[in-house]
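Take a look at the structure set out below.
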Amino acid sequence: MAYDFDLFVIGAGSGGVRAARFAAGFGAKVAVAESRYLGGTCVNVGCVPKKLLVYGAHFADDFEQASGFGWSLEDAQFDWGQLIANKNREIERLNGIYRNLLLNSGVTLLEGHARLTGAHEVEVDGQRYSAEHILIATGGWPQIPDIPGKELAISSNEAFYLKDLPKRVLVVGGGYIAVEFAGIFQGLGAKTSLLYRGDLFLRGFDGAVREHLKDELEKRGMDLQFNTEIRSIEKQADGSLKATLNDGRELIADCVFYATGRRPMLDNLGLENTGVELDSRGFIRVDELFQTTDPWILAIGDVIGRVQLTPVALAEGMAVVRRLFKPEQYRKVDYQNIPTAVFSQPPIGTVGLSEEQAREQGYEVSIFESRFRPMKLTLTECQERTLMKLVVDAKTDRVLGCHMVGPEAGEIIQGLGIALKAGATKQQFDETIGVHPTAAEEFVTMRTSVR
Ligand SMILES: Cc1cc2nc3c(=O)[nH]c(=O)nc-3n(C[C@H](O)[C@H](O)[C@H](O)COP(=O)(O)OP(=O)(O)OC[C@H]3O[C@@H](n4cnc5c(N)ncnc54)[C@H](O)[C@@H]3O)c2cc1C
């Protein structure tokens, strides 16, 4: 049977754009449908605008520390409206780049909501298209728990477009998005509380990293409240918000920001017209080859709920289109040793196993740790400390995990990700000559195991 397209991609986000462009480059006839914004979450309401706001928030530290280096900056002013307008301009530029990338690679771009009407059929704005393969790359959407007054709260989607910087913010959540936004609000001058229902934020990260970041955020005056949940939110006569907590306490704020997880975006997708099934968490169930339970329909990225990061969605998109259209270049996605960063202040960089995970997996581990005051701060009043940690397999000497909390942690950990992928041993770390004077050299000079 002749189809309109070889591949129909639903969603022009990180994974969808990558898959569509490369499939077209491999000679396939490709369409992509996008209902909201080109580039998806990452470009519009995720990684990119977030990092721009993190840069913005950092200037507070830089200005404060500048005097130690002889600079005097009088009366520095911050204009939230200016930052948001400049950020929006940059996002629009990126939207244009994504459009050109798709069009220049010969992809048919359909700007509208796509709905599956069968295993080989998609409808966009009343027009039906057939395709041999359909790839669902519709991403995720923030979730706010169902509490009285939830409509008064915002998610990351709205935070990027707030008209004014709130004076008092309650950030709810214990994941990286909550921690990052708390840092943004705090850095830009808002009185910020971070509320999390568990004992300590960033579950899954190394214990030392979580504790270290907690101490550093507290040093900065952030109000951290663990084992705390909001029961209800009410608007007060003066326009402020009153959050009543599970223990009966009341907190007053101008903004309540929830980052309590993301659900797969399946709204009006028409899955009921297909054989696509969901897993126990509600994400699209796929096998090793990203095939859904409907053999001609594939899914990648946040909508399958594996590792919700842009580079992972890109890798999954590449794996799918290589397998379909360039099988000689096919490589499985390797979910081991994915380096990640949390752009908190100070940031976290991590790759490989945490000490807890390594022990759970039965490794006998040697732990190397270093804590120090970064050189840049020695002329300043700032008492921030950096943490670096290596988790090593005591039997084979292989480095299982590298963890850092400190300036440029994300930049540093990317390189170490390559070392871990290559299976580097602690001895090879030790034999690597450091770059002096840097913080990163500490990773190759930790000689004595602390545990
Ligand atoms: C605040 C925040 C910060 C983040 N920071 C980072 C970070 O620093 N690093 C990192 O790696 N990751 C980060 N992420 C995660 C990253 O953004 C996602 O993992 C990534 O965007 C997933 O890509 P995707 O292709 O699966 O989906 P998306 O990028 O979400 O794209 C899905 C697209 O599909 C479209 N769509 C949905 N339904 C339909 C339909 N029926 N028809 C047509 N189009 C449809 C949507 O409009 C969207 O454009 C962040 C996320 C958030 C929310």
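Is it true that Arg359 is outside any loop (DSSP other than H, G, I, E, B), farther than 30 Å from Lys219 by Cα and over 17 Å from the mean Cα position of the chain (by Cα)?
When the stated conditions are applied, Arg359 passes them.
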- Task: Examine segment 382-402 for a residue that is farther than 22 Å from Ala60 by Cβ, of a type in the set (Gly, Ala, Ser) and in contact (Cβ under 8 Å) with a residue 24 or more places away in the chain, and state whether such a residue exists.
- Result: yes
- Query: Consider Ser156 against the criteria (1) polar (S, T, N, Q); (2) within 17 Å of the chain's Cα centre (by Cα); (3) away from the ligand (no atom under 11 Å from the Cβ): it satisfies all of them except one. Which criterion is unmet?
  - Reply: (3)
- Message: Against the conditions (1) free of Cβ contacts under 8 Å to residues at least 60 places away in the same chain; (2) touching a helix residue (DSSP H, G or I) at 6+ places or on another chain (Cβ under 9 Å); (3) outside any loop (DSSP other than H, G, I, E, B); (4) charged (D, E, K, R), where does Arg331 fall short? Just the number, please.
- Response: (3)
- Query: Quick one: how many residues across segment 182-206 are of a type outside the set (D, E, K, R), away from the ligand (no atom under 16 Å from the Cβ), open to solvent by 20 Å² or more (accessible area, probe 1.4 Å) and over 19 Å from Phe160 (Cα atoms)?
  - Reply: 2
- Message: For segment 207-222, give me each residue that is open to solvent by 70 Å² or more (accessible area, probe 1.4 Å) and farther than 16 Å from Glu355 by Cα.
- Response: Asp215, Glu218, Lys219, Arg220
- Message: Please determine whether any residue of segment 280-297 is aromatic (Phe, Trp, Tyr), away from the ligand (no atom under 11 Å from the Cβ), open to solvent by less than 60 Å² (accessible area, probe 1.4 Å) and closer than 24 Å to Leu162 by Cβ.
- Response: no
- Query: Val320 passes all but one of (1) assigned to a helix (DSSP H, G or I); (2) more than 13 Å from Ile134 (Cβ to Cβ); which number fails?
  - Reply: (2)
- Message: Yes or no: segment 381-399 includes at least one residue that is in a loop (DSSP other than H, G, I, E, B) and closer than 21 Å to Pro339 by Cα.
- Response: yes
- If you check Phe226 against the conditions, is it of a type in the set (Phe, Trp, Tyr), surrounded by 13 or more Cβ atoms within 10 Å (Cβ to Cβ) and within 20 Å of Gly140 (Cβ to Cβ)? no
- Message: So, in segment 69-83, exactly how many residues are outside any loop (DSSP other than H, G, I, E, B) and either among the charged types (D, E, K, R) or touching a Lys or Arg at 6+ places or on another chain (Cβ under 8 Å) (or both)?
- Response: 1
- Note on the structure: Scanning segment 263-279 residue by residue, those surrounded by fewer than 17 Cβ atoms within 10 Å (Cβ to Cβ), within 13 Å of the ligand (Cβ to nearest atom) and part of a loop (DSSP other than H, G, I, E, B) turn out to be Asp267, Asn268
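Which strands (runs of 3 or more DSSP E) does segment 86-181 wholly contain that include 2 or more residues that are open to solvent by 20 Å² or more (accessible area, probe 1.4 Å), among the charged types (D, E, K, R) and within 29 Å of Ala299 (Cβ to Cβ)? Spell out the reasoning first.
Numbers: elements: 108-111, 114-118, 121-124, 127-136, 140-142, 168-172.
Once the strands (runs of 3 or more DSSP E) in segment 86-181 are filtered for at least 2 residues that are open to solvent by 20 Å² or more (accessible area, probe 1.4 Å), among the charged types (D, E, K, R) and within 29 Å of Ala299 (Cβ to Cβ), what remains is 121-124, 127-136.
Residues that are within 25 Å of Glu121 (Cα to Cα), in contact with a Leu (Cβ under 7 Å, 6 or more places away or on another chain) and in contact (Cβ under 8 Å) with a residue 60 or more places away in the chain: does segment 308-319 have at least one? Walk me through it before giving the result.
Within segment 308-319, the subset within 25 Å of Glu121 (Cα to Cα) is 313-314, 316-319.
From the residues that got through so far, the ones that are in contact with a Leu (Cβ under 7 Å, 6 or more places away or on another chain) too are none.
For segment 308-319, residues within 25 Å of Glu121 (Cα to Cα), in contact with a Leu (Cβ under 7 Å, 6 or more places away or on another chain) and in contact (Cβ under 8 Å) with a residue 60 or more places away in the chain: absent.
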- Quick one: Asp302 ticks every box in (1) buried (at least 24 other Cβ atoms within 10 Å of the Cβ); (2) touching a Phe, Trp or Tyr at 6+ places or on another chain (Cβ under 8 Å); (3) more than 30 Å from Met222 (Cα to Cα) bar one, so which box is it? (2)
- Query: Listed residues Arg168, Arg220, Arg210, Arg197; which is free of Cβ contacts under 8 Å to residues at least 12 places away in the same chain and not acidic (Asp, Glu)?
  - Reply: Arg210
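The values are calculated or read from the model by the stated rules, or taken from the named source; none is laboratory data. These figures come from a predicted structure and were not determined experimentally. Here Cβ is always computed from backbone atoms with ideal geometry, including for glycine, and neighbour counts include all displayed protein chains. Ligands, DNA and RNA are excluded from the accessible area calculation, which covers all protein heavy atoms including side chains. Shrake-Rupley method; radii C 1.70, N 1.55, O 1.52, S 1.80 Å.
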